[in-house]
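These notes concern the structure reproduced below.
The values are calculated or read from the model by the stated rules, or taken from the named source; none is laboratory data. Note that this is a predicted model, so its numbers are computed, not measured. When we count neighbours, we look across all protein chains shown, and the Cβ atoms used for this are built from the backbone with ideal geometry, even at glycine. Remember, those area values only see protein heavy atoms, side chains included, never the ligands or the DNA or RNA. Shrake-Rupley method; radii C 1.70, N 1.55, O 1.52, S 1.80 Å.
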Amino acid sequence: MKWTCEALYNLLENAVKYTEPGGRITVRIRMYEMFGCVEVEDTGEGIPEEDISRIFGRFFRGKNGREKEGLGIGLFLAREIVSLEGGYIKVKSEPGKGSVFSVFLPRENGKKTEDSKEKNEVE
């Protein structure tokens with residue numbers, strides 16, 4: 001659980017770092033039959049298409065990221081942690097409109113809950 005929190009923290013930290021004051025960061029939790037999903041959505045600067053396939057690389061810093069504080073290991077660590085827990089991360093992004101990082105983790109019991117559409121949303 002501690003490492004799952006670390007992975008999610010890295011995603012939230014990036015959302016805060018790349019979203020200007022007055023922007024919006026939304027966290028959603030969705031439960032599916034086999035996986036739970038945590039989405040971190042922001043209205044930040046977004047990620048250029050040519051960087052999407054590289055953002056999870058160790059020490060990768062896109063041209064937008066070079067002006068921000070950091071070492072380029074947060075997304076790498078998040079993906080490694082989630083992968084070791086049997087899950088995966090998906091990203092959708094559009095420059096100038098923001099990003100959505102979706103973390104899918106296997107459910108222990110694999111049972112669907114009655115409120116499986118959307119469990120919780122925090123802004």
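State which residue is most open to solvent (accessible area, probe 1.4 Å) when the search covers only the stretch 35-59 and only residues that are free of Cβ contacts under 8 Å to residues at least 40 places away in the same chain and under 15 Å from the mean Cα position of the chain (by Cα). Looking at the filtered set, the residue picked out is 54.
Filtered by the rule that a residue be open to solvent by 60 Å² or more (accessible area, probe 1.4 Å) and among the aromatic types (Phe, Trp, Tyr), the stretch 1-34 gives 3, 9, 32. Filtering the stretch 60-82 for residues that are open to solvent by 30 Å² or more (accessible area, probe 1.4 Å), farther than 20 Å from residue 12 by Cβ and either modelled with pLDDT of 95 or more or hydrophobic (A, V, I, L, M, F, W, C) (or both) leaves an empty set.
Scan the stretch 23-48 for residues that are in a loop (DSSP other than H, G, I, E, B) and either modelled with pLDDT of 95 or more or not small (Gly, Ala, Ser) (or both) and the total you get is 9.
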